[in-house]
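Everything on this sheet refers to the single structure shown next.
The values are calculated or read from the model by the stated rules, or taken from the named source; none is laboratory data. Here the structure is a predicted model, which means the values were calculated and not measured. FYI the Cβ positions are ideal-geometry reconstructions off the backbone, even for glycines, and counts take in every protein chain you see. To get the accessible areas, we keep the full protein, side chains included, count just its heavy atoms, and leave off ligands, DNA and RNA. Shrake-Rupley method; radii C 1.70, N 1.55, O 1.52, S 1.80 Å.
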Amino acid sequence: MQQQGSASGTQGQVSDTVNGAGSSGTVRLQSNAQQRRSTNGSNSTLDERQRRLNGDESLQQDELLQPVDGLVRPDEFETYLRKLGYPGIRRFGQELMSGRGGFDAPETSGLVPADYVIGPNDELQVTIWGSADADLRLQVDRSGRITIPRIGAIPVAGVKFGDVGEVISRRVGQVFRNYQVSVALGQVRSVRVYVTGHVKRPGVYNVSALSSVVSALMRSGGPSAAGSLRQVDLRRGKELVTRYDLYELLVKGDRSADRVVQNGDVIHVGPVGAQVALVGSVNRPAIFELKPGEKVEDLLTMAGGFTAVADRTRLAIERLDDRAKTRVTQLEMPAAAGQAPASGDVLRAFSAVDATQPVARQNKRIRIEGEVAKPGEYVLPPNVTVRQALGLAGGLTPNAYLYGTEFTRESVRQQQQLSYDRALRDMETEFARASATQRAISADEAATFEQRNTATGRLIEKLRQVRPTGRVVLQMTPGSDQLPDLPLEDGDRLLVPARPTTVNVFGSVFSSGAFLQEPGRSFSDYLNQAGGPTRGADAGAVFVLRPNGSVLSQLQRSSFFGLVGDIGGTKAEPGDTIFVPERMNKTTWVQDLKEWTQILYQFGLGAAALKTLQD
């Protein structure tokens, strides 16, 4: 914008243009310092290097003033909460006081507010072009003036940055015509402020003149454990300029009360007010400082409200005054939202999903698959049984093999996994104990022990790869035409397979595989078809994994006095899996593994687990 005797300004820069007749040519204006730099042929290079060096030194000072994370000691209330079983609950705003949030960083924004007041030691970058040509970096002296060659001294101290361009332009217009002026702020002066009260490092600090109350306060480490975040006073002489509540910044993001400091200001932090802890199912569990008159609903607002899965109907409150009496009481929400907590109270919000609900009152989400008319997921009312669910799925198809039905339950799987892990730990302990007591009298025996230990270690690793399925063995016979009337639980899965046509034989036999099932044939027939047991097989420990998940073992037919019967003559059913284990050294702890039937039956392991262990 060009206008005689007027000025136009933008953020961080003010430009003025005055038209008129005066000097006929362009006059180059230089300050004395620029003339000396020009004589040396270096312009402002040395000055810029020195300025960067000074900036580096200032940065090092700032880094030294930052508190170190992890070294902030918990106060008494935090220690009290830790004893109550709430570790990690810190004072709200602790991240602000840690110095890692950037609040204590120097003010380096390129935008200077228009109401910034120019003062001594500020640097102005003045550029004049047109009938006069000048590019000047001028520092405001102690008398509050800058000096432009051929123009003279111009008082600028106390002038707002938004108006300084017009002030300089009017003064230049007394000498030149047909020119333009641009003014920007260079180096900002530092001011001295006093930080007192309950802060970590009270004292006198030199900060940028653009610094606010928060940034100056953080240079001192912020409020101490005994200091308030809600009563930060900015005093200028005897005048209270503002009382800043840091919660306005932390909770609402409001910095309207965060004023820019001036030289000689005092920032005073008062003592901490009433402190109340809110833990549990809230978005921001912490220790909060309350002002007089603030209620439970205000506390919930500071904590960000309830979580998505919180029980919004109640709160538990542990009052410090009632520790020797009732200690804990319950607040019914929202009726109790208007109550005022006392200092030292601990409020807890409950989760609505942690507690197990009564199974009998819940709908069930189950999955029915396989040979049924309408396989899929179903949501069923309480007290529905397996038979009823099968009917809702349209019943069985003609090819269904009811005896091989696989019924799995999540709660059973979790319990099986716990028991299985415990059994593996006991097995490892026994193995370590047996290995420690082994004594070899020859090199060959030592090599044998080493091989056996290596093989046992591999076996344990394979056992770790096996995961229980949560299968519930349904007590049915091969001729059963309906499932047991078992109540359902949420997450149950029912798989009715198609009728298989093979019998599987694995383990220490000459030819493992699946053989075509023929009516009337026994286990011994299929063992013979697989070539029979090998020389190293333990024929007395043969077992059969039946389609319904049960296990039939040769050891079950044994007694203290010897064999009572033989499973070899038992009729084989479609889907049976015959397993022949290898003979193991009974003088070692490995004899405990002879009860394969116990492992398969108790932990819900199936034919897939047998293949894993065999490989």
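Answer yes or no as to whether Arg327 is under 28 Å from Tyr86 (Cβ atoms), in contact with a Gly (Cβ under 6 Å, 6 or more places away or on another chain) and charged (D, E, K, R). Against the criterion (under 28 Å from Tyr86 (Cβ atoms), in contact with a Gly (Cβ under 6 Å, 6 or more places away or on another chain) and charged (D, E, K, R)), Arg327 does not qualify.
Candidates in the range 352-389 are the residues that are hydroxyl-bearing (Ser, Thr, Tyr) and open to solvent by 30 Å² or more (accessible area, probe 1.4 Å); of these, the one that is nearest to Asp485 (Cα to Cα) is Tyr378.
When the residues of the range 282-299 are filtered to those that are touching a residue at least 24 places away in the same chain (Cβ under 8 Å) and open to solvent by 20 Å² or more (accessible area, probe 1.4 Å), which remaining residue is farthest from the chain's Cα centre (by Cα)? In this case the residue turns out to be Gly293.
Looking only at the range 447-490, which residues are outside any loop (DSSP other than H, G, I, E, B) and touching a strand residue (DSSP E or B) at 6+ places or on another chain (Cβ under 7 Å)? Correct list: Arg471, Val472, Pro487. Here Asp265, Asp322, Asp311 are screened, and the one residue that is open to solvent by less than 70 Å² (accessible area, probe 1.4 Å) and free of Cβ contacts under 8 Å to residues at least 12 places away in the same chain is Asp322.
Take the range 263-288 and flag every residue that is part of a strand (DSSP E or B) and among the acidic types (Asp, Glu). Hits for the range 263-288: nothing passes. Scanning the range 228-262 for residues that are open to solvent by less than 40 Å² (accessible area, probe 1.4 Å) and in a strand (DSSP E or B) yields Ser228, Leu229, Arg230, Val232, Asp233, Leu234, Val241, Thr242, Tyr244. Look through the range 539-582, keep the residues that are charged (D, E, K, R) and modelled with pLDDT under 85, and return whichever of them is farthest from Gly513 (Cα to Cα). Among them, the one singled out is Arg557.
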